[in-house]
Amino acid sequence: MSDPQALAEQFDDLGQQRHAAELGMWIFLATEALFFGGLLLGYAVYRHLYPEAWFAAARETEILIGTANTAILLTSSLTMWLAVRAGEEGRRDAVTLALGLTATLGAFFLGLKAYEYYLDWDNSLVPGLRFAFEKADPEHAEIFYYLYFFLTGVHAVHLTVAITAVLVVLFLVRTGRLAYQQSATLTVLGLYWHLVDVVWIFLYPLIYLPGRSQ
Amino acid sequence: MNTIVDAQGSGSSGGSGSHSLPRQAERGVGREEATSYLTAGHGVKSWLFTTDHKRIAILYALTITVFFFIGGAAATLIRMELFTPAGDLVSAEGYNKLFTLHGVIMVWFFLVPAIPATLGNFLLPLMLGARDLAFPRLNLMSWWLIVIAGAFVLYVLVMGGVDTGWTFYAPYSTTYSNGYVVAAAAGIFVSGFSTIATGLNFIVTTHTMRAPGMHWFRVPLFVWSIYATALIMLLATPVLAMALLLIMIERLLGVGIFDPALGGDPVLFEHLFWFYSHPAVYIMILPGMGVVTEIVTCFARRRIFGYQFMVYALLSIAVVGFFVWGHHMFVAGQSMYAGLVFSFLSYVIAVPSAIKVFNWTATLYRGSIVLDAPMLYALGFIGLFTMGGLTGLFVASLPIDVHVHDTYFVVAHFHYVMVGGMVSAFFGGLHFWWPKITGRLYPEAWARFAALLMFFGFNMTFFPQFILGWMGMPRRYHEYPSEFQVYHVLSSAGAVVLGAAYLLPLGYFLWSLRYGQPASDNPWDAKGLEWRTASPPPKHNFPSTPRVDEEAYDYHPPRRPPGGHLDHPSDGRPAS
Amino acid sequence: MRAIGAFHGLWWPGILVWVTLMALLGLTWGLAYVPMGVFNTVVSMGIGTLKALLVALFFMHLKESGPVLRLAACAGLVWLAVLFAFTFADYLSRGWGPG
């Protein structure tokens, strides 16, 4: 067997190593929650201070694209979960297929997001560079769009990292350089991917849904 | 001495003792253990790209020493300027840049990494009986990140500095400052990732890699202190990173959420900033408490008094430390009612701090105390930290803070905690574990002299600042009315003594590397797994995984007078 | 469908979670247009939390994870709550008269 070495020298056994890797990733995810938390706090404070401008600004977001993107990301979480399951059973073809689908869905999301940014530019909704807003107090609507770009931008950076990581792991699994069944790599990769999904699950109602009923 | 048994006798590959952990033998970690980590590889590359936690600790130590002296140089210039009432040495703007540089470097490039990334990095796996941290490459990355972050700050320094103060308050930092705010903030942003990587590594290692028999209440209190510190690092640093990112973008694009002229609220920045920076104060003191605990219990030959209370105190300081940040904002336009809550909670956090001081004192009671250099530093820590803590109650009290806010009283208060406390503890720890790290003993007489000198120099520098502040001298001014001069002169003279006390150890530590007596494995006759391996330790720390069969700090039998005599380093046995 | 074959025997219970998630997405999208005042926010954030919980429990395996992992997962959220609670302690009490 040309099985790649799965156990690093500082660990005693694979169980310990898996536990360490999963705990490490969960802790990292906790720090991510606080990383986004700083921005979300800004969102909450200004929504509390300027509700009218907030709702007026949120109504101008592209809800169709936002909803489609949410569906895409939720689906990619399913395929990521399938990759992890297939990995546990040692089914290499299923792993590579599921990872391929996951990366593709992620790329779709980014593509739609880029198109949405383009529409925002067209509608003069880019703070600092091209911003005109007549439906409400433009100063505070601009803060909404500033946070919108910041939140979705930081999220897109995370997704880009996640797609890259998925592609790297896909390559390693395909070429047999990763002991994917024993190591925690797929599980940990999955955790990160799902976090990117969870962040978006919260961004969707914060960005696209406010003020729709008015 | 049969309380800690090597699982496999000599650790040779065939051994299988009764407590055998067979994987050791199977995996062939055995032969190479004979050489120390210092000689296990040669050349610059074997250091710069090492994944050995002990070598990374050395890299960190060298890095923060460089930053310590840069920050110290800025402090020297500040004290020189303040020698006379007139602003004759530097301009007002130059003075602003000096104290900003001093603050930024000392906080993020010295105090935050000081004990965790050097002593913590070196000792955590040793104290837990592990071969390395859980993620050695992440550990290396964290060092490289702080080097990159430091490069940003040095760039700022060379290009002409930044004048916002280390707090980067908006809208000054986002709109009006002419300094290199973006580069400085970027440096701190990057250093934040370094901190997070270190903290993550420590927590995972403590959870998953403790030696057999080391259950949670046998973990050394130094490890507990690092654990509590790492919790803060992980949960606070991301918020600072985001706040600084917002500052940078706001400054670059001219849009934003902090500038009132653009509809923003600058107090929001202060909330985000202090959500990190107040807990960060505990990043800068908890590891010191851990070091002092190890030293006090060893040099009093007593079990630590109230081990479990010490653990709970550490953890509650870490947690409650997150509930008090608003006491930095009493006069910043924050709601008065929120101020009341923050003021009350700030009193609450004094309780666990006081528990620690009482327990150190109780440990000394009936101990056979040996006043070697580490102990002198540790006792200095206890005194100075108590002073810093008690004056903390003054500034935590809302009405008094309105009076002393932004005066030298605050400056003196936090220097008592951070410099008097943390730096004393850092030097104490360096002396205590120096034989373990280098395999050499330092000259004891010189070290005692340096410890005493630091205590006196420190008090001479900062005690007059309490008086200055109480009299109304505001911080961050480069000139002042002449009635304050006597205190400023005293302070500056003290700074000279303090500077000498910092340089002295640098000299004799370097001297000892070549001429110091070789240290035995356990020159202090101390407890703890790190003393159960060679000095300096082999690459993978232990010939075989140790097994822990005794409680922590078993310095004297329970319910009996303390026994045992401390082997003085001057007659310490050479390594076998 | 090649995909169906490749994943034979792996779908359960993920597919059910996915269907629920999609249904919730449709629900929150639709309800956003129903005037409910402040409850629009409550409902949209509530459904968001439910979706996140499903992802965490099933896709992220938190349902089968040990206490330490659950603690780590909760820590970030608890601290986030601290950040929000104390900051809003300031903003919500600013209009309370002298101060």
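The values are calculated or read from the model by the stated rules, or taken from the named source; none is laboratory data. These numbers were taken from a predicted model, which means no experiment stands behind them. So basically every Cβ, Gly included, is an ideal-geometry build from the backbone, and we count neighbours across all protein chains shown.
Do the conditions hold for B:Phe275, that is, is it within 11 Å of chain A (Cβ to nearest Cβ) and under 30 Å from B:Ile382 (Cβ atoms)? Outline the logic, then answer.
Working: within 11 Å of chain A (Cβ to nearest Cβ): yes; under 30 Å from B:Ile382 (Cβ atoms): yes.
So B:Phe275 fits the description; yes.
Is it the case that the range A:89-96 has a residue that's among the acidic types (Asp, Glu), more than 12 Å from chain C (Cβ to nearest Cβ), out of contact with any helix residue (DSSP H, G or I) (no Cβ under 6 Å at 6 or more places or on another chain) and not in a helix (DSSP H, G or I)?
Initial filter on the range A:89-96 (among the acidic types (Asp, Glu)): A:89, A:93.
With the extra rule that they be more than 12 Å from chain C (Cβ to nearest Cβ), the set shrinks to none.
Scanning the range A:89-96 turns up no residue that is among the acidic types (Asp, Glu), more than 12 Å from chain C (Cβ to nearest Cβ), out of contact with any helix residue (DSSP H, G or I) (no Cβ under 6 Å at 6 or more places or on another chain) and not in a helix (DSSP H, G or I).
Please identify the pairs in which a residue from the range B:331-359 that is free of Cβ contacts under 8 Å to residues at least 60 places away in the same chain and farther than 13 Å from C:Phe86 by Cβ has its Cβ atom under 6 Å from the Cβ atom of a residue that is outside any helix (DSSP H, G or I) and aromatic (Phe, Trp, Tyr), counting only partners at least 6 apart or on another chain.
Filtered contacts from the range B:331-359: B:Asn359/B:Phe305.
Given B:Ala500, B:Ala495, which one is within 30 Å of B:Leu77 (Cβ to Cβ), at pLDDT 95 or above and touching a Ser or Thr at 6+ places or on another chain (Cβ under 7 Å)?
Being within 30 Å of B:Leu77 (Cβ to Cβ), at pLDDT 95 or above and touching a Ser or Thr at 6+ places or on another chain (Cβ under 7 Å) holds for just one of B:Ala500, B:Ala495, which is B:Ala495.
Of (1) surrounded by fewer than 23 Cβ atoms within 10 Å (Cβ to Cβ); (2) assigned to a helix (DSSP H, G or I), B:Ser424 satisfies all except one. Which?
(1)
When residues of the range B:392-447 are filtered for being closer than 15 Å to B:Gln465 by Cα, modelled with pLDDT under 95 and of a type in the set (Ser, Thr, Tyr), how many remain?
0
Anything in the range B:370-383 that is closer than 19 Å to B:Pro464 by Cβ and under 15 Å from the mean Cα position of the chain (by Cα)? List them, or say none.
Residues of the range B:370-383 that are closer than 19 Å to B:Pro464 by Cβ, as a first pass: B:380, B:383.
Selection gives nothing.
To keep it simple, each residue is scored yes or no on (1) under 21 Å from B:Leu504 (Cβ atoms); (2) under 23 Å from the mean Cα position of the chain (by Cα).
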residue	(1), (2)
B:Thr391	no, yes
B:Phe394	no, no
B:Pro399	no, no
B:His415	yes, yes
B:Gly420	yes, yes
B:Val423	yes, yes
B:His431	yes, yes
B:Arg448	yes, yes
B:Leu452	yes, yes
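Which of the numbered conditions does B:His540 fail, given that it passes all the others? Conditions: (1) surrounded by 15 or more Cβ atoms within 10 Å (Cβ to Cβ); (2) part of a helix (DSSP H, G or I).
Every condition holds for B:His540 apart from (2).
Might you check whether a residue that is of a type outside the set (D, E, K, R), under 20 Å from the mean Cα position of the chain (by Cα) and more than 8 Å from chain C (Cβ to nearest Cβ) occurs anywhere in the range A:2-20? Give the derivation first.
So the first thing to find is which residues in the range A:2-20 are of a type outside the set (D, E, K, R), and the list is A:2, A:4-8, A:10-11, A:14-17, A:19-20.
Narrowing the set further to residues that are under 20 Å from the mean Cα position of the chain (by Cα) leaves none.
No - not one qualifying residue is present in the range A:2-20.
Residue by residue through the range A:177-192, note down the ones that are small (Gly, Ala, Ser) and outside any helix (DSSP H, G or I). Let's see the steps before the verdict.
Initially, the range A:177-192 is screened for residues small (Gly, Ala, Ser), giving A:179, A:183-184, A:190.
Scanning the range A:177-192 gives A:Ala179, A:Ser183, A:Ala184.
Hey, can you tell me all the residues within the range C:23-38 that are part of a helix (DSSP H, G or I) and more than 8 Å from chain A (Cβ to nearest Cβ)?
To start, the set of residues in the range C:23-38 that are part of a helix (DSSP H, G or I) comprises C:23-31.
The answer is C:Ala23, C:Leu24, C:Gly26, C:Leu27, C:Gly30, C:Leu31.
Any chance you could count how many residues in the range B:510-527 are surrounded by fewer than 19 Cβ atoms within 10 Å (Cβ to Cβ) and either part of a helix (DSSP H, G or I) or free of Cβ contacts under 8 Å to residues at least 40 places away in the same chain (or both)?
5
Identify, by number, the condition in (1) more than 7 Å from every other protein chain (Cβ to nearest Cβ); (2) in a helix (DSSP H, G or I); (3) over 13 Å from the mean Cα position of the chain (by Cα) that C:Leu80 doesn't meet.
Answer for C:Leu80: the failing condition is (1).
Looking at C:Thr20, is it among the polar types (S, T, N, Q) and facing chain A (nearest Cβ under 8 Å)? Talk me through it step by step, then tell me what you get.
On the way: among the polar types (S, T, N, Q): yes; facing chain A (nearest Cβ under 8 Å): no.
It is false that C:Thr20 is among the polar types (S, T, N, Q) and facing chain A (nearest Cβ under 8 Å).
Of the residues A:Trp54, A:Trp81, which is of a type in the set (Phe, Trp, Tyr), facing chain C (nearest Cβ under 10 Å) and either closer than 17 Å to A:Phe202 by Cα or buried (at least 20 other Cβ atoms within 10 Å of the Cβ) (or both)? Step through it out loud before you land on a result.
On the way: A:Trp54 fails: facing chain C (nearest Cβ under 10 Å).
Just a single option satisfies the conditions, and that option is A:Trp81.
Could you tell me whether any residue of the range B:221-235 is within 8 Å of chain A (Cβ to nearest Cβ) and in contact (Cβ under 8 Å) with a residue 12 or more places away in the chain? Reasoning before the result, please.
Of the residues in the range B:221-235, the ones within 8 Å of chain A (Cβ to nearest Cβ) are B:234-235.
Next, from what is left, pick out any that are in contact (Cβ under 8 Å) with a residue 12 or more places away in the chain: B:234-235.
Yes - at least one qualifying residue is present in the range B:221-235.
Against the conditions (1) among the aliphatic types (A, V, I, L, M); (2) away from every other protein chain (no Cβ under 11 Å); (3) under 18 Å from B:Gly179 (Cβ atoms), where does B:Ile249 fall short? Just the number, please.
With respect to (1) among the aliphatic types (A, V, I, L, M); (2) away from every other protein chain (no Cβ under 11 Å); (3) under 18 Å from B:Gly179 (Cβ atoms), B:Ile249 is out only on (2).
Suppose the filter is surrounded by fewer than 16 Cβ atoms within 10 Å (Cβ to Cβ) and within 14 Å of chain B (Cβ to nearest Cβ); does A:Gly153 pass it? Reasoning before the result, please.
Numbers: surrounded by fewer than 16 Cβ atoms within 10 Å (Cβ to Cβ): yes; within 14 Å of chain B (Cβ to nearest Cβ): yes.
Considered against the rule, which asks whether it is surrounded by fewer than 16 Cβ atoms within 10 Å (Cβ to Cβ) and within 14 Å of chain B (Cβ to nearest Cβ), A:Gly153 comes out as yes.
Just the residues that are at pLDDT below 80 and on the phi > 0 side of the Ramachandran plot, please, taken from the range B:548-563.
Listed by number, the list holds a single entry, B:Arg559.
Taking only the range B:163-194 into account, find how many residues are under 21 Å from the mean Cα position of the chain (by Cα) and either closer than 22 Å to B:Leu262 by Cβ or in a helix (DSSP H, G or I) (or both). Break it down into steps so the answer makes sense when it comes.
Here is the first cut: in the range B:163-194, the ones under 21 Å from the mean Cα position of the chain (by Cα) are B:166-167, B:187-194.
So of that shortlist, the ones also either closer than 22 Å to B:Leu262 by Cβ or in a helix (DSSP H, G or I) (or both) come out as B:167, B:187-194.
Total meeting the criteria: 9.
Residue-wise test of (1) within 14 Å of chain B (Cβ to nearest Cβ); (2) within 30 Å of A:Gln16 (Cβ to Cβ).
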{"site": "C:Gly14", "(1), (2)": "no, yes"}
{"site": "C:Asn40", "(1), (2)": "no, no"}
{"site": "C:Ser44", "(1), (2)": "no, no"}
{"site": "C:Phe58", "(1), (2)": "no, yes"}
{"site": "C:Ala72", "(1), (2)": "yes, yes"}
{"site": "C:Leu92", "(1), (2)": "yes, no"}
{"site": "C:Gly95", "(1), (2)": "yes, no"}
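In the range C:16-64, what count of residues is obtained for those that are surrounded by 16 or more Cβ atoms within 10 Å (Cβ to Cβ), farther than 26 Å from A:Val188 by Cα and among the small types (Gly, Ala, Ser)?
The qualifying residues number 2.
Among the listed residues A:Phe36, A:Phe108, A:Phe133, which satisfies the condition of being out of contact with any Phe, Trp or Tyr (no Cβ under 6 Å at 6 or more places or on another chain), closer than 30 Å to A:Thr185 by Cβ and within 14 Å of chain B (Cβ to nearest Cβ)? Break it down stepwise before answering.
Details: A:Phe108 fails: within 14 Å of chain B (Cβ to nearest Cβ); A:Phe133 fails: closer than 30 Å to A:Thr185 by Cβ.
A:Phe36 is the lone residue from the list that is out of contact with any Phe, Trp or Tyr (no Cβ under 6 Å at 6 or more places or on another chain), closer than 30 Å to A:Thr185 by Cβ and within 14 Å of chain B (Cβ to nearest Cβ).
Please determine, by comparing only the residues of the range B:427-459 that are basic (Lys, Arg) and surrounded by fewer than 23 Cβ atoms within 10 Å (Cβ to Cβ), which one is farthest from B:Phe509 (Cα to Cα). Steps first, please.
Quick first cut of the range B:427-459, residues basic (Lys, Arg) only: B:436, B:440, B:448.
Of the ones still in play, those that are also surrounded by fewer than 23 Cβ atoms within 10 Å (Cβ to Cβ) are B:440, B:448.
Working: B:Arg440: 9, B:Arg448: 13 Å.
It comes out as B:Arg448.
Of everything in the range B:361-408 that's among the polar types (S, T, N, Q), in a helix (DSSP H, G or I) and touching a residue at least 60 places away in the same chain (Cβ under 8 Å), which residue is surrounded by the fewest Cβ atoms within 10 Å (Cβ to Cβ)?
To start, the set of residues in the range B:361-408 that are among the polar types (S, T, N, Q) comprises B:361, B:363, B:368, B:386, B:391, B:397, B:407.
Next, only the ones that are in a helix (DSSP H, G or I) stay: B:361, B:363, B:386, B:391.
From what's left, touching a residue at least 60 places away in the same chain (Cβ under 8 Å): B:363, B:391.
Values: B:Thr363: 24, B:Thr391: 20.
Among them, the one singled out is B:Thr391.
To keep it simple, each residue is scored yes or no on (1) among the aromatic types (Phe, Trp, Tyr); (2) closer than 20 Å to B:His271 by Cα; (3) in a helix (DSSP H, G or I).
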{"position": "A:Gln10", "(1), (2), (3)": "no, no, no"}
{"position": "A:Arg18", "(1), (2), (3)": "no, no, yes"}
{"position": "A:Trp26", "(1), (2), (3)": "yes, no, yes"}
{"position": "A:Phe35", "(1), (2), (3)": "yes, yes, yes"}
{"position": "A:Leu40", "(1), (2), (3)": "no, yes, yes"}
{"position": "A:Tyr43", "(1), (2), (3)": "yes, yes, yes"}
{"position": "A:Tyr46", "(1), (2), (3)": "yes, yes, yes"}
{"position": "A:Trp54", "(1), (2), (3)": "yes, no, yes"}
{"position": "A:Ala58", "(1), (2), (3)": "no, no, yes"}
